[in-house]
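See structure below.
The values are calculated or read from the model by the stated rules, or taken from the named source; none is laboratory data. Treat the numbers as computed from the prediction; the structure is a model and nothing was measured. Cβ coordinates were reconstructed from backbone atoms using ideal geometry, including for glycine residues, and neighbour counts include every protein chain displayed.
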Amino acid sequence: MRNVKHPYPINIDLSRKAVAVVGGGAVATRKIRALLDAAANVTVISPVLAPEIDTSQVTWRQKRYETGDIQAMDMIIACTDDAAVNAQITQDATHFQLVNNASDKTQSDFFNVAKLEDETLLLTVSTKGKSPATAKRIKQTLRRWLDDQHWFKGEDQ
Ligand SMILES: C[C@@]1(CC(=O)O)C2=NC(=C\c3[nH]c(c(CCC(=O)O)c3CC(=O)O)Cc3[nH]c(c(CC(=O)O)c3CCC(=O)O)/C=C3\N/C(=C\2)[C@@H](CCC(=O)O)[C@]3(C)CC(=O)O)/[C@H]1CCC(=O)O
Ligand SMILES: NC(=O)c1ccc[n+]([C@@H]2O[C@H](COP(=O)([O-])OP(=O)(O)OC[C@H]3O[C@@H](n4cnc5c(N)ncnc54)[C@H](O)[C@@H]3O)[C@@H](O)[C@H]2O)c1
C-alpha cells in the first residue's frame, strides 16, 4: 500500500461486484479461488490460463492486457509476470477502483490477507505487506491452537 500506516480492515461482499484478474498463472489461481469463495463475478484477462482455473466459473478474455480492459471493473488484481504491465494497470485505474498490484506493494490500494474460515469464524492475518510467508505460518499456528480449543470446524485452507 502506498503510504498508509494503519490500513482499514473490512470484510467485503463481492457478489454484486465485477473483479478483473489480469494474468492467469500461479498467483491468479490463488487469488481467483478466494474471489470465487466470496461469490465475486470474476473476469480473467490473459492470453494463457493455468489448468487449475475453471473457465466455467470465470469469464475469460483471452488476450494481452490493454488500457480500457478494466474500465467497468470495481476491483482489479494485476498479477501478470510483467511488472511494467502491472504498473500500467495501476496507472489506468481511477480513484474509485480498488487495485492490488501483486508484484509491487507500493502500487496497491489493498493487500490480500491469509484467512481461516468456518461457519461462524473468519480470522485474517496480515503482516502489512512485510512477509506473506510469516502470515501463512501464523495462520497455520492459529489453526492448530483453535483445533486444540475445539473452536474451529473448517477445512484446511
Ligand atoms: C496472505 C496471502 C493471501 C493471498 O493469497 O493473496 C498473500 N500472499 C500469499 C502467499 C504467497 N505470497 C508469495 C508466495 C510465494 C512464495 C515463494 O514460493 O517464493 C506465496 C505462496 C505461499 O507462501 O504459499 C510471495 C509474494 N507475495 C507478495 C510478493 C510481492 C511483494 O512482496 O512485493 C511476493 C514475492 C513475489 C516475488 O518477488 O517473487 C505480496 C503480497 N502477498 C500478500 C498476501 C500481500 C501481503 C500479505 C501480508 O500483509 O502479510 C502482498 C503484499 C500483496 C498481495 O498479494 O495482496 C497468501 C498466503 C496464503 C495462505 O494463507 O496460505
Ligand atoms: N502477491 C503475491 O501473492 C505474489 C506471490 C508470488 C509472486 N508474485 C508476483 O506476481 C507475478 C506473477 O506470478 P505468477 O507466479 O502468477 O506468474 P506466472 O508466470 O505463473 O503467470 C503469469 C501470467 O501472466 C500472464 N501474462 C503475461 N503478460 C500478460 C499481459 N500483457 N496481459 C495479460 N496477461 C499476461 C501469462 O499469460 C500468465 O498467465 C510475479 O512476477 C511476482 O512478481 C506475487
In segment 48-79, which residues are within 19 Å of SER103 (Cα to Cα) and not hydrophobic (A, V, I, L, M, F, W, C)?
ARG64, TYR65, GLU66, THR67
Does segment 1-10 contain any residue that is touching a residue at least 12 places away in the same chain (Cβ under 8 Å), more than 22 Å from GLN88 (Cβ to Cβ) and either surrounded by 15 or more Cβ atoms within 10 Å (Cβ to Cβ) or not assigned by TED's automatic domain parsing to the domain that holds ARG61 (or both)?
yes
Output for segment 92-137, where each listed residue is among the hydrophobic types (A, V, I, L, M, F, W, C), in contact (Cβ under 8 Å) with a residue 12 or more places away in the chain and within 16 Å of ligand 2 (Cβ to nearest atom)
ALA93, LEU98, VAL99, ALA102, PHE110, PHE111, VAL113, ALA114, VAL125, ALA135
Looking across segment 70-83 at residues that are within 9 Å of ligand 2 (Cβ to nearest atom) and out of contact with any helix residue (DSSP H, G or I) (no Cβ under 7 Å at 6 or more places or on another chain), the single one that is nearest to LEU36 (Cα to Cα) is ASP81
For segment 31-78, how many residues meet the condition of being within 21 Å of PHE110 (Cβ to Cβ), in a loop (DSSP other than H, G, I, E, B) and among the β-branched types (Val, Ile, Thr)?
2
If you go through segment 79-126 one residue at a time, how many are surrounded by fewer than 17 Cβ atoms within 10 Å (Cβ to Cβ), assigned to a helix (DSSP H, G or I) and within 15 Å of the chain's Cα centre (by Cα)?
1
Run down ASP104, ASP148, ASP109 and say which single residue is more than 13 Å from ligand 1 (Cβ to nearest atom) and among the charged types (D, E, K, R).
ASP148
Only one of these is touching a Ser or Thr at 6+ places or on another chain (Cβ under 9 Å), touching a residue at least 12 places away in the same chain (Cβ under 8 Å) and loosely packed, with under 14 Cβ neighbours inside 10 Å: ALA39, ALA50. Name it.
ALA39
Which of the residues spanning segment 90-118 are of a type in the set (A, V, I, L, M, F, W, C) and within 30 Å of PHE152 (Cβ to Cβ)?
LEU98, ALA102, PHE110, PHE111, VAL113, ALA114, LEU116
Looking at the structure I just gave you, is GLN91 in contact with a helix residue (DSSP H, G or I) (Cβ under 9 Å, 6 or more places away or on another chain) and more than 7 Å from ligand 1 (Cβ to nearest atom)?
yes
